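The values are calculated or read from the model by the stated rules, or taken from the named source; none is laboratory data. Because the structure is predicted, anything quoted here is derived from the model rather than measured. We place every Cβ from the backbone using ideal geometry, glycine too, and count neighbours over all the protein chains shown. The area values use the complete protein model at the heavy-atom level, side chains included, leaving out ligands, DNA and RNA. Shrake-Rupley method; radii C 1.70, N 1.55, O 1.52, S 1.80 Å.
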Amino acid sequence: MLRPKIPTMPAPTGHTAPPAVVEPTAVIPAAQTPPPVPVAPAPSRPVVQLTPGTAIALVGGGTAVVLVVGAVLVSMLLAVAITGASVAVCAVVLRSLLASEAKRR
């Protein structure tokens, strides 16, 4: 059905140089030297020491974050609940107004 056309390799154009002849060279072994002793790399970042003061600060900061996030979530939940209650009250009032209007006719 649909067959892709595979491009052909284009022939080189311009001046092409013949391949250069490479002559082998003799390998002379050098005196054996022991491999260098690897040096232990220095740590990339300094080690953090946890003192009692910093531990208390971390616990206090974490507690503060949890309390703030909890307060925000509770306030959002209360906002949704209050909005739902007010919409329900509006619906009841509109229903009673429409029912009383229908009774008058």
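So, Ser100, is that one part of a helix (DSSP H, G or I), open to solvent by less than 100 Å² (accessible area, probe 1.4 Å) and at pLDDT below 90 or not?
So Ser100 passes the test.
Which residue out of Ala85, Ala55 is at pLDDT below 95 and surrounded by 10 or more Cβ atoms within 10 Å (Cβ to Cβ)?
From the options Ala85, Ala55, the qualifying one is Ala55.
Does Val37 satisfy the condition of being at pLDDT below 75, open to solvent by 100 Å² or more (accessible area, probe 1.4 Å), at negative phi and of a type in the set (A, V, I, L, M)?
Yes, satisfied.
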